[in-house]
């Protein structure tokens, strides 16, 4: 069997321009999957896009930092920031408080359940879950999310660790690569989670382009695709969109680069599919 590749766009539902890019890329055959933010400002528009593109795999992009929760903030106090209304705006602060034991697993599960139920309530068949800013790199977050996913009959989760062959390409900034390298030993604990080790919830062999986030140009994507092993299942994590007025109103470091990622997918995926042994494009529902 040739290598299988999931082409997944994060931040579905963040802006109409991101939703439009996802629709266009899927229609062009260069995007197979997207993860929908239940708390995204353009959630309703994203649901409409998903309904008109039923072959697009749609996962739940669970947000635990940076944004407004779906749950009543008073019911998830350890996830809420200083304003008592929103999540912590900083990933650094989230990680600090997680490691200090200030984030309660029940709050994580409660909010994840609320976000999943919001998608299910509007009829979205959820193919998998992942997390905004990859917060499920940490075992306690993974554990809570797996229990919620299992109860919701969701049978796949992103493997938030970059495979060695992809990391060896040294994409991304040195600081980002160092951070991901330091977190690398947690991969064993991710794979040892009961639901994953018993294959009751499936995952890929790794996710590529995590280190290249914010720098996924055509050249970088081409290099990743050329290095793709002949077998195995991998996810390509990307953030395509349109850098427009709606995006200007959003707090995100990924702005002009969303255009570059959109163009890279349109250029490099068709080229990869013309190779003698092209990857088989799938979404998480095909695992």
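Just so you know, all these numbers are worked out from the coordinates, no wet-lab data involved. On a predicted model such as this, the values are computed, not experimentally measured, just so you know. Virtual Cβ from ideal backbone geometry, glycine too; neighbours counted across all protein chains shown.
In terms of packing, defined here as the mean over residues of other Cβ atoms within 10 angstrom, the peptides 64-73, 28-37, 130-139 line up highest first as 28-37, 130-139, 64-73. Helical runs (DSSP H, four residues minimum) scored at -39500 (n - 2.57) apiece and divided by the length of the chain put the mean residue ellipticity at 222 nm at -11500 deg cm²/dmol.
The value of relative contact order for the chain, using C-alpha pairs under 8 Å at least six residues apart, is 26 percent. Protection proxy ranking of 49-61, 234-246, 166-178, by the mean of other Cβ atoms within 10 Å over each peptide's residues and highest first, is 234-246, 49-61, 166-178.
Here the relative contact order of segment 132-218, from alpha carbon pairs under 8 Å that lie six or more residues apart, stands at 43 percent. The C-alpha atoms of the chain define a longest principal axis, and helix 256-273 lies at about 50 degrees to it. As a proxy for reagent exposure, ranking 274, 92 by other Cβ atoms within 10 Å from fewest up yields 274, 92. How are the alpha carbon pair distances in segment 118-274 distributed across 5 Å bins from zero to the largest one, expressed in percent? Binned Cα distances yield the sequence 1, 8, 16, 18, 19, 17, 14, 6, 1, 0. Bridges between two residues of the chain, per DSSP, are antiparallel at a rate of about 5%.
All C-alpha pair distances within segment 185-287, sorted into 10 Å bins from zero, spread as 13, 36, 31, 19, 1 percent across the bins. Pairs of Cα atoms nearer than 8 Å and 6+ residues apart set the relative contact order; for segment 22-156 it is 26 percent. If the segment from residue 186 to residue 165 were pulled out straight at 0.36 nm per residue, it would be longer than the present Cα-Cα gap by 5.8 nm. Go ahead and set up a Gaussian network model of the chain, Cα springs under 10 Å, then flag whichever of 77, 160, 16 fluctuates most. Of 77, 160, 16, the Gaussian network model singles out 77 as fluctuating most.
Sorted by packing (mean other beta-carbon atoms within 10 Å per residue), highest first, where do 279-286, 202-209 land?
Order by mean packing, descending: 202-209, 279-286.
Relative to the compact-globule estimate of 2.2 N^0.38 Å, the Cα radius of gyration of the chain comes out at 0.93.
The modelled label-to-label distance between residue 178 and residue 93, using points 7 Å beyond Cα along the C-beta direction, is 2.4 nm.
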